[in-house]
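This report concerns only the one structure given below.
The values are calculated or read from the model by the stated rules, or taken from the named source; none is laboratory data. Keep in mind that what you see is a predicted model, and the values were worked out from it rather than measured. Heads up, the Cβs are rebuilt from the backbone with ideal geometry, glycines too, and the neighbour counts pull from every protein chain shown.
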Amino acid sequence: MFSLLPYNTFGLDVKAWQGRLICSAADLRQQIQEPYLILGRGSDVLFTDDFDGTVLVSNIKGVQIKQQGHCYKVRAGAGEILDELIVRLLDQGITGLENLSAIPGTVGAAPIQNIGAYGVEIGDFIESIEVCDLQSGEIFVMQRSECCFGYRDSYFKQHRERRLFVLYVNFSFEDIYTPRLSYKGLQEMDLKDARAVRSQVLALRSRKLPDPRFVGNAGSFFKNPLVDEKKLEALRAEYPDLPVFTAGAGLYKLAAGWLIDKSGCRGITHGQAGTWEHQALVLVNRGQARPHELVSLGKYICAQVEHKFGISLQPEVRLYGRQGEVAWDSL
Ligand code: FAD
Ligand code: EPU
């Protein structure tokens, strides 16, 4: 048996049948028996049970940096830790990813849900991704336009049946610093350079988000929901202080954390599971939580938000059960 305790930031004591460390594309040549799943550091997953299969742990290392005209081209192995890459780039004067500082996890997982924070998404800097099709063994390059990046979305999430293992991510950064300070907590600050932005992001994050080393969690448990104008106006009439962000195509993004908070679910506890006192969108393991406690807490929250606002929340975290990925609605 392979313990998944070091491979899920919820800190759940779950196991897989076996684990394989993938340190190069060659490690994927060997036949992989179904069921299997790919893991980075498990900071965006909830295991609803033990997993009766093989876990492929993404561990390809290596970073190459080249200057080309007015750009830096960076090729990073999927198993590199993203935040370590960000620090390394800043040390070399390469800016762009500073707003994504301190998001846990690997480089290879970052494009899967197009991670985002403080007004920046990783897809904005990705030029291409080198992948291995685990069913055919074919290795190929996907250009940015083929990755279909959206809010917490990408080709990889849309086509889950196609088992693509990310091997390397190729980034492109301009050699001039462009501050990205649209987020409310960054706008009003006098941030002179990318390092100052990183420091402010670290400060904002530590105020709101629990550190998984001490409190098990997987960041935002649900995605922020999108609503159309009609729904928005109906909600605004009742809740004038509703936080709203434009999302394009006539849609508006609401803050799931605000909806959960207003539904009376901030800081609540169910067994050993709970919601974070400073950010209701984060489900936490208060000690020895079992998977079912987190699932039933998540279901309770969904029911409360649906009842109060008529909005159905969808999880951001990926859910895995005994045979592989499970749909939230099937639980
Ligand atoms: P995992 O959780 O191991 O995997 C996530 C998914 O990616 C799984 O479906 C897995 O199968 C797939 N995957 C992983 N590696 C590969 C690969 N090489 N090839 C193909 N598929 C792969 N996310 C944000 O977007 N913004 C935030 O601000 C943010 N803040 C967070 C704060 C905290 C405290 C925590 C715990 C999480 C936060 N997250 C955030 C979520 C999470 O950190 C990111 O989604 C991160 O990219 C997950 O990386 P990981 O290596 O842990 O991936
Ligand atoms: N809010 C409350 N109560 C709460 C939580 C939030 O009223 O308990 C309100 C806040 O006051 C604010 C609004 O809701 O007005 C939005 O909150 P916040 O700025 O904390 O951001 P968020 O929408 O909850 C998103 C991402 C985070 C990302 C931050 C910063 C999603 C699902 N989450 O959170 O990403 O770090 O913005 O950009 O999009 C993650 O994906 O795991 C994650 C942590």
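Looking across region 230-276, the residues that are at pLDDT 95 or above, of a type in the set (Ser, Thr, Tyr) and within 25 Å of the chain's Cα centre (by Cα) come down to TYR252, SER263, THR269, THR275.
Among the candidates ARG205, ARG213, the residue that is at pLDDT 95 or above, assigned to a helix (DSSP H, G or I) and among the charged types (D, E, K, R) is uniquely ARG205.
I'm trying to understand the selection: among the residues of region 315-325, which are assigned to a loop (DSSP other than H, G, I, E, B) and either within 12 Å of ligand 1 (Cβ to nearest atom) or assigned by TED's automatic domain parsing to the domain that holds GLU293 (or both)?
Result: GLU316, VAL317.
Among the residues making up region 285-325, those that are in contact with a Pro (Cβ under 6 Å, 6 or more places away or on another chain) and farther than 18 Å from ARG152 by Cβ are GLN323, GLY324. Screening region 185-226 for residues that are buried (at least 20 other Cβ atoms within 10 Å of the Cβ) and of a type in the set (A, V, I, L, M, F, W, C) and picking the one that is farthest from the chain's Cα centre (by Cα) gives ALA194. Filtered by the rule that a residue be more than 16 Å from ligand 2 (Cβ to nearest atom) and either at pLDDT below 95 or of a type in the set (Asp, Glu) (or both), region 70-115 gives GLU80, GLU84, ASP91.
Can we say SER263 is within 16 Å of ligand 1 (Cβ to nearest atom) and either over 17 Å from GLU316 (Cβ atoms) or out of contact with any Phe, Trp or Tyr (no Cβ under 7 Å at 6 or more places or on another chain) (or both)? It is false that SER263 is within 16 Å of ligand 1 (Cβ to nearest atom) and either over 17 Å from GLU316 (Cβ atoms) or out of contact with any Phe, Trp or Tyr (no Cβ under 7 Å at 6 or more places or on another chain) (or both). Annotation: SER182 fulfils all but one of (1) under 26 Å from GLU146 (Cα atoms); (2) at pLDDT below 95; the unmet one is (1). Quick one: HIS159 ticks every box in (1) surrounded by fewer than 18 Cβ atoms within 10 Å (Cβ to Cβ); (2) more than 18 Å from the chain's Cα centre (by Cα) bar one, so which box is it? Single failed check for HIS159: (2).
Just one of the listed residues (ILE60, ILE81, ILE22) is in contact (Cβ under 8 Å) with a residue 40 or more places away in the chain, surrounded by 15 or more Cβ atoms within 10 Å (Cβ to Cβ), within 21 Å of PRO212 (Cβ to Cβ) and among the β-branched types (Val, Ile, Thr), namely ILE81.
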